[in-house]
Amino acid sequence: MTLQQLRYVVAIDRYRSFAKAAEACAISQPTLSAMLVKLEEELDVRIFDRSNKSVVPTIVGEKIIRQAERAIAEAERVAELVEEDKGAIAGSLNLSVGPTIAPYVLPQFIRHYMEDYPQVKLSIKEMKAEPMMAELMLGHLDAGIAICGNARAGILEVPLYTERFMVYLSENCWRKLPVFKPENLEHEKMWIMKEAQCLRDSAFSFCKARTKGNRIYEAGSIETLIRIVDENGGFTIIPEMHLPFLSERQRENVRRIEGDYLSQRRVSLYIREDYIRQSMLNTITNTLLRFMPKGMMEEHIVKYGIKL
């Protein structure tokens, strides 16, 4: 059994096609098939059930594939540890970012990261929290950035920054008030983000005093919510980092929140408990520090970075 054979097994599972897996591994399809058969004969098990239409792992094959992924990851870490010990930052970084965070972080993050760490092969996927944690556990991702509170067995959570929520009001919706008070708007329409639990929870926490007749609508993006408010009245909740996306006139409709309400969201970095590439993780935090608003990042990250 060799690491190369394990890589072939993982590739077949990923593509569920011998032709595509062979192309990804830069070998011929007959060679790939022969290497798989050789491994199956050595282990005396069938790793994949294959037909003309499908390639599906067997029950024991699923276990072998997961172990193969871990073995490959550990082998790659050996080389990466040597590079880090030499002071070099190289290799690959597979990162995932939540969809309600990505628009505000990724554009500048990618630019600064590529400038500062040209030797790192950066790959970024936009993913919701559940699949992100699953991919982390499988070792398909090095790290993920998502709303706090998603840690589970085998996953470590490192708080990164805290972002305030602001209220965006329509022009005819108490816009002369200096701050937002929920009781002023209990008869108004509130528009909230669909499938964004941090925004949803905040929205409801602001409106405990709302009347029974209040109606709550849902939209698919913050930009859509703002346009709905502009056209239909009412108000919505936006994260602080959305402010630069507003026009000068729209910024006049933004109010801070007054009172003891859930008016912020915490964003965290997630890694597997056995992750050891400390220097690579600090490339993420160092890059965020290049452009994040002052005072938003966690103090311990600013002072010490990430210590594993």
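Filtered by the rule that a residue be in a helix (DSSP H, G or I), open to solvent by 40 Å² or more (accessible area, probe 1.4 Å) and touching a strand residue (DSSP E or B) at 6+ places or on another chain (Cβ under 9 Å), region 279-294 gives a lone residue, L289.
For region 106-126, a residue qualifies if it is of a type in the set (A, V, I, L, M) and outside any strand (DSSP E or B), and the qualifying residues are L106, I110, M114. Scanning region 253-278 for residues that are of a type in the set (S, T, N, Q) and open to solvent by less than 40 Å² (accessible area, probe 1.4 Å) yields N253, S263, S268. Quick one: would you say L246 is modelled with pLDDT under 90 and over 23 Å from E115 (Cα atoms)? Criteria not met by L246. Check region 167-186 and report whether any residue there is at pLDDT 75 or above, surrounded by fewer than 19 Cβ atoms within 10 Å (Cβ to Cβ) and hydroxyl-bearing (S, T, Y). Checked region 167-186: no residue is at pLDDT 75 or above, surrounded by fewer than 19 Cβ atoms within 10 Å (Cβ to Cβ) and hydroxyl-bearing (S, T, Y). Restricting S96, S92, S123 to those that are among the small types (G, A, S), touching a strand residue (DSSP E or B) at 6+ places or on another chain (Cβ under 7 Å), farther than 25 Å from K294 by Cβ and surrounded by 17 or more Cβ atoms within 10 Å (Cβ to Cβ) reduces the list to S96.
The values are calculated or read from the model by the stated rules, or taken from the named source; none is laboratory data. Fair warning: this is a prediction, and the values are worked out from it, not measured in the lab. Methodologically, a virtual Cβ is constructed for each residue, glycine included, from the backbone with ideal geometry; neighbour enumeration extends over all protein chains shown. The area values use the complete protein model at the heavy-atom level, side chains included, leaving out ligands, DNA and RNA. Shrake-Rupley method; radii C 1.70, N 1.55, O 1.52, S 1.80 Å.
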